[in-house]
1. Is it the case that the stretch A:214-221 has a residue that's assigned to a loop (DSSP other than H, G, I, E, B) and open to solvent by 10 Å² or more (accessible area, probe 1.4 Å)?
2. Select the strands (runs of 3 or more DSSP E) contained entirely in the stretch A:1-95, then report the ones holding at least 3 residues which are closer than 30 Å to A:Arg141 by Cα.
3. Considering only residues that are open to solvent by less than 50 Å² (accessible area, probe 1.4 Å) and in a helix (DSSP H, G or I), look in the stretch B:179-195 and name the one that is nearest to the other protein chains (Cβ to nearest Cβ).
4. Return the total of residues in the stretch B:44-61 being buried (at least 16 other Cβ atoms within 10 Å of the Cβ) and in contact (Cβ under 8 Å) with a residue 40 or more places away in the chain.
5. So which pairs qualify, if the first residue must be in the stretch A:85-100 and under 16 Å from A:Arg75 (Cβ atoms) and open to solvent by 50 Å² or more (accessible area, probe 1.4 Å), the second must be in a helix (DSSP H, G or I) and of a type in the set (Gly, Ala, Ser), the Cβ gap must be under 8 Å, and the two must be at least 6 apart or on different chains?
6. Give B:Gln281, B:Gln286 a once-over and let me know the one that is out of contact with any strand residue (DSSP E or B) (no Cβ under 6 Å at 6 or more places or on another chain), away from chain A (no Cβ under 14 Å), open to solvent by 10 Å² or more (accessible area, probe 1.4 Å) and farther than 30 Å from A:Phe144 by Cβ.
7. Taking the stated definitions as given, is B:Gly232 outside any helix (DSSP H, G or I), closer than 27 Å to B:Phe107 by Cα and more than 14 Å from every other protein chain (Cβ to nearest Cβ)?
8. Does the stretch B:6-30 hold any residues that are closer than 16 Å to B:Gly47 by Cα and open to solvent by less than 60 Å² (accessible area, probe 1.4 Å), and which are they?
2 protein chains.
Amino acid sequence: MYRALTEAEVVEYARALPGLFTGAVPLLSREIGDGNLNMVFQVSEDGGEGRSVIIKQALPYIRVIGESWPMTLDRARIECEVLQIENEYDPGRVPQVYHYDTDLALFIMEDLSEYMIMRRALISRQQFPNFPRHIGRFLARTLFLSSDYALESGVKKKLVGRYINPELCKLTEDVIFTDPYCDSTRNNYHALIEEEALSLRHDEELKLEVAKLKVQFLTQAQSLVHGDLHTGSIMVTDTDTRVIDPEFAFYGPMGFDIGAVIGNLLLNHAAHIGHTREPLQRAEYQQYLLETIRGIWNCFEEEFRALWKTRNLEPSVNMDGYLDYLLISILQDTAGFAGCKMIRRVVGIAHVTDLDSIENEQLRADAEKLAIANARKLIITRAQILTINDLVGMIINS
Amino acid sequence: MYRALTEAEVVEYARALPGLFTGAVPLLSREIGDGNLNMVFQVSEDGGEGRSVIIKQALPYIRVIGESWPMTLDRARIECEVLQIENEYDPGRVPQVYHYDTDLALFIMEDLSEYMIMRRALISRQQFPNFPRHIGRFLARTLFLSSDYALESGVKKKLVGRYINPELCKLTEDVIFTDPYCDSTRNNYHALIEEEALSLRHDEELKLEVAKLKVQFLTQAQSLVHGDLHTGSIMVTDTDTRVIDPEFAFYGPMGFDIGAVIGNLLLNHAAHIGHTREPLQRAEYQQYLLETIRGIWNCFEEEFRALWKTRNLEPSVNMDGYLDYLLISILQDTAGFAGCKMIRRVVGIAHVTDLDSIENEQLRADAEKLAIANARKLIITRAQILTINDLVGMIINS
């Protein structure tokens, strides 16, 4: 039977599992979740040098909102299974899963305490030279290997059915594609950008393109996407990169994941208007972010092309032109979804620390306007993007 | 427990069902299936004036091929359920279902003995003035009402999962989108068009476009499509139209169904090169077929636009331009899928009587070449089609 565990109950639970901890050492538990949806406990051997694991439990509602917004416990199954699938596709890039408990909607995984949340590291202008290679490869492997290009037709269809994720998809549909463009009570924006926020609701050119992207999100079962791949779902060290939290996973458009990463880098890019006042320093870090975006796409494309050569099961698409056509369509989708992800983080229910932590209100507003302007351009003109340089070349820095 | 029923067993089965037949009258049964996959029994009260029903039973393999090609019995569930869904969406346009038996993979439905198979009627140059209105409306209602435009997001996703139809989709993927363009042992074409059949395998421009359509078939969960809507799945009288056999149903592209109808009308259009030697008579009937295609699209569009106004649940797409964009994209998909359906009926495993029944080999070859030429044009140049007149205007008559 499901029950939400306390810190103390989590210790008992972990202790009772054979093979997880040795019996002798006392265990400490603390709730460390800073996400919006779930409880996240760190359980470790007392003394700080011993074993430590993460126990993540879904609540039957959205944590930050409360019981008024119920949310399926099945998301724990999806997250846990998809972590294991992603680990097959790109070993070591996600936390290792040790245990899953259907009844309690919880699973136990590797503790990544020595990693930083990437979003925070970017706010403090840190650089991660391995990140483009790691995430580009992760995107290529998870998106290609779960697609019709790599899986036998029946196997892929079975996975589509297994990862139909109605409640979490509905959340995305509402808060990313719908709310920002209408008078929704969930919207939330700072007073100084009210004009920009309101104008989104009457921007017919933009709304038409967002509608197309929303319908693509609703209908295109291309790959098993992570579904929420922002920089808060990425953990980094100086040398390593890990992807966490795939509870929004479902079969959707490849560009939705790539766009999530790039969109969040561009939110950070805009936020340095507030965080980094020294012009040269800001220009340099913005340049670093744009190079990172270029690098992610190039690594994605390189790995995708390599997989195409060796792992493509679909002979019907093995002809001149198809792969180029596919990559351009993924790139254009990426631009569109990146833009949608950016706009909702400025005017919708869930903001990003990158922007919200800018203390000077006017600078924050400038940064938010820049994010909206870049996002709009990506969405509106995405059909003209043929290379990653076209995409990066659209971005203005201030 | 499943067992394939004999004609005698079918009588016992029908007799035992309460409410289907009254006890007194003797029943007659005969197997009347002329399809490729299943057993179809007509069970009627002796004397010819009494009640009569159809009992359709799936075999655990493809009937025309035999036990060497196993095929899921679950197709009976899908067919039976989808008939009932279609009957909700467009009442009276499909046979009424009376009974479903999971174990025996059979269902009982209305007998349409007084109807003709449309394909045969077209070969003998009959005209059906109500057909465009009936089928256009059926297409609009079934495709619109099962889509994200008309269903709440979670309801539609549940249906997607329920009608994942891997084995029958795989058949379509192989025989429509793959075999005709490679050296498959399943291909089958007459000697006089060998050159055309072989040239398809090296037609890189065509193969690229067919690849895009195949991937769209694999990934686009737009509507609950019938999946096999050729003129052998349509029954007609002088005044009425019925759609049968939706066992290939799944969530796929809307244009796949509309393209099936139009593609099969165009196969018939080409076949009159052999069937109708008198030039004026042929021109007149070909003109009738092209007008029928125009009428189908116009009725589809009219009904689709009416449903859009009254039944659209998706406010994000209610802006100038979206519906026009959607209808053009459906029309272009229709052209592409029509072309694919035509080519496979000339060079693939399953032919159509329209062409195969032409006795003069040279005329049959001329008709087959015409069908391939029109099909190729529809596929290759579909992106230029903006209206149904553009589509019909592409078709050459000889």
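1. Yes, because at least one residue in the stretch A:214-221 is assigned to a loop (DSSP other than H, G, I, E, B) and open to solvent by 10 Å² or more (accessible area, probe 1.4 Å).
2. Because the criterion is at least 3 residues that are closer than 30 Å to A:Arg141 by Cα, the strands (runs of 3 or more DSSP E) in the stretch A:1-95 that meet it are A:38-45, A:52-58.
3. Only one residue tops the list, namely B:Tyr181.
4. Residues meeting the conditions: 9.
5. Listed pairs, sorted by first residue: A:Tyr100/A:Ala76.
6. B:Gln281
7. It is true that B:Gly232 is outside any helix (DSSP H, G or I), closer than 27 Å to B:Phe107 by Cα and more than 14 Å from every other protein chain (Cβ to nearest Cβ).
8. B:Val11, B:Phe21, B:Val25, B:Leu27, B:Ser29
The values are calculated or read from the model by the stated rules, or taken from the named source; none is laboratory data. Because the structure is a prediction, the values reported are computed rather than measured. Note that each Cβ is placed from the backbone with ideal geometry, even for glycine, and that neighbours are counted across all protein chains shown. For accessibility, only protein heavy atoms count, side chains too; no ligands or nucleic acids. Shrake-Rupley method; radii C 1.70, N 1.55, O 1.52, S 1.80 Å.
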